[in-house]
Amino acid sequence: MTEDTKQPESLKILFADDEKSLQKLMGLELPRLGHTVTVCPDGVTAIAAIEKEDFDCLLVDLDMPGKGGIDVIKKAKETRPDTEAIILTGKSSTESAIAAVEFKVFAYLTKPCRLMELKTLLEGVAKKREQDRRIKALTSRLDRIEGKSKLIGDSGAMEIVNKMIAKVAPSNSAVLIRGETGTGKELVAKAIHDQSLRHAQPFVAVNCGALPENLIESELFGHRKGAFTGAEETRIGLFEVAHGGSLFLDEIGELPKALQAKLLRVLETGEIRRVGENSSIKVDVRIISATHRHIEDMVQDGDFREDLMFRINTFEIQLPPLRERTEDIPLLAEHISRRFWPTIPMTHTVFATETIHALKSHSWPGNVRELANVVEHATILCEELPIQPQHLPRRFSEQSPSGGDRPELRAVSGPMSLRELEMQAIHEALDRHDGNKPQAAEELGISLKTLYNKLNQATAGEKTA
Ligand SMILES: Nc1ncnc2c1ncn2[C@@H]1O[C@H](COP(=O)(O)OP(=O)(O)OP(=O)(O)O)[C@@H](O)[C@H]1O
């Protein structure tokens, strides 16, 4: 059955209204629309019904003797917050509008309501429930793929990081996370959010370096329809999406100067203004930022606003590079390998001792992200555990015996895959530019977005090497 021809989901509806004619009508018509219905003559009966069983959707009159529609909705949301509610009302009132916001009421219908209108609304409820379920399924899939925000590593350095996360998470303070590329800055940001009181609200991540300059403002603050060429619809920005939760501003050092001023204003007033809009909207968002740049130097050079630096940097967490905590490599490598092989029993040895030795001797300019790519490469090549050094990418067998550093491009003797050459060139460019991705991308002649994609993707070249 295609999306279009699919029957809408049958809903379990509670209908409560003191009008006898409506009770009779709904008792007949709602089952005809494919739903099951419990009809209640007043709010008290409706609350008693909710105490006995769960409903997908409430269809309640606002004014009923004894307990009104809002009491019924309140009761249902206490036990099952995902219950949808439609309010029936003689006339739209301030009371119903407030309830609509407070209890996230799906809609309110003004009496006398037309059956067609109700049918469409109930289809909307069914569709929303299906979308919510899909989002939940996707979120749990994503959690499985990415792992929760669990930071692996029991080195002294990571212990300090974990303690700092636990301390700062419950506050609302702005946090600045510093560290080289791939050290886990986003994971730390997510851990702060997950351990905060905002954990049930959205965590929204935006990479300030990967967005074209002309789009950042509308991406962050939204825009009004027609605000600029191409703005065909009014769109909310990421600040509004993150309302109640946390906004992670990755690579904040890449934010253009004009946007720095606008961001500062938002952080000071707690209000955003969509592009092309005259009025402001209040938002409640905790800011977590990250950078691999030395922001103080940028301030000195006039590239970053000092006032913004102080604003985003109430609390600072410095992430150590992987080469400074090589004792974490065995745990990390094993943890990452289980992302690809979730069924390996915990008792199995995944990496041979020599493989761990080779991994520990590497300098890891791409840090944990590079390690994840290497482990993925090995899990593809290895047919029988444990993973041996020959399952690692070629650059590991070509390392000089004395050191763990990557060989210079010119020094490589054996053949390398195009992908390996490409990754090596990327890492070397990043090294030369002190981890600065925009500069590395410029030197390599690729867009910043492409650079991010290449760093993030498990590569086809490595998979087939
Ligand atoms: N301590 C850790 N434990 C488990 N996984 C980690 C850890 N640190 C990093 N990772 C993994 O390494 C990868 C890169 O991490 P992340 O994206 O958080 O790094 P980043 O510092 O934000 O990188 P960039 O500066 O390039 O944005 C992710 O797959 C992440 O899950």
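Structure notes:
- Within the stretch 15-49, the residues that satisfy the criterion of being open to solvent by less than 10 Å² (accessible area, probe 1.4 Å) and assigned to a helix (DSSP H, G or I) are M26, L30, G43, A46.
- Some residue of the stretch 305-318 being over 23 Å from N162 (Cα atoms), more than 13 Å from the ligand (Cβ to nearest atom) and of a type in the set (A, V, I, L, M): yes
Table: residues versus (1) in contact with a Phe, Trp or Tyr (Cβ under 7 Å, 6 or more places away or on another chain); (2) open to solvent by less than 30 Å² (accessible area, probe 1.4 Å); (3) closer than 27 Å to T139 by Cα.
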| position | (1), (2), (3) |
| --- | --- |
| R198 | no, yes, yes |
| S218 | no, yes, yes |
| G222 | no, yes, yes |
| F228 | no, no, no |
| A231 | no, yes, no |
| T234 | no, no, yes |
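- Only residues that are touching a helix residue (DSSP H, G or I) at 6+ places or on another chain (Cβ under 9 Å) and either within 14 Å of the ligand (Cβ to nearest atom) or more than 23 Å from D250 (Cβ to Cβ) (or both) were counted in the stretch 440-449, giving 4.
- One residue alone among A378, A372 is closer than 30 Å to L247 by Cα and open to solvent by less than 70 Å² (accessible area, probe 1.4 Å), and that residue is A372.
- Looking across the stretch 322-347, the residues that are open to solvent by 40 Å² or more (accessible area, probe 1.4 Å), within 13 Å of the ligand (Cβ to nearest atom) and among the hydrophobic types (A, V, I, L, M, F, W, C) come down to L331, F340.
- The stretch 321-376, residues that are part of a loop (DSSP other than H, G, I, E, B), in contact (Cβ under 8 Å) with a residue 60 or more places away in the chain and among the aliphatic types (A, V, I, L, M): none
- In the stretch 239-261, the qualifying residues are those that are more than 14 Å from the ligand (Cβ to nearest atom) and surrounded by 23 or more Cβ atoms within 10 Å (Cβ to Cβ), and the one that is farthest from R311 (Cα to Cα) is A242.
- Residue under evaluation E316, criteria (1) of a type outside the set (S, T, N, Q); (2) open to solvent by 20 Å² or more (accessible area, probe 1.4 Å); (3) assigned to a helix (DSSP H, G or I), criterion not met: (3)
- The residue list I160, I177, I152, I135 contains one member that is surrounded by fewer than 16 Cβ atoms within 10 Å (Cβ to Cβ), among the β-branched types (V, I, T) and within 14 Å of the ligand (Cβ to nearest atom), which is I160.
The values are calculated or read from the model by the stated rules, or taken from the named source; none is laboratory data. As the structure is a computational prediction, the values presented were derived from the model and not from experiment. Cβ sites come from the backbone with ideal geometry, for glycine too, and all protein chains shown count toward neighbours. For the accessible areas, the whole protein counts, side chains as well, though only heavy atoms, and no ligand, DNA or RNA atoms are used. Shrake-Rupley method; radii C 1.70, N 1.55, O 1.52, S 1.80 Å.
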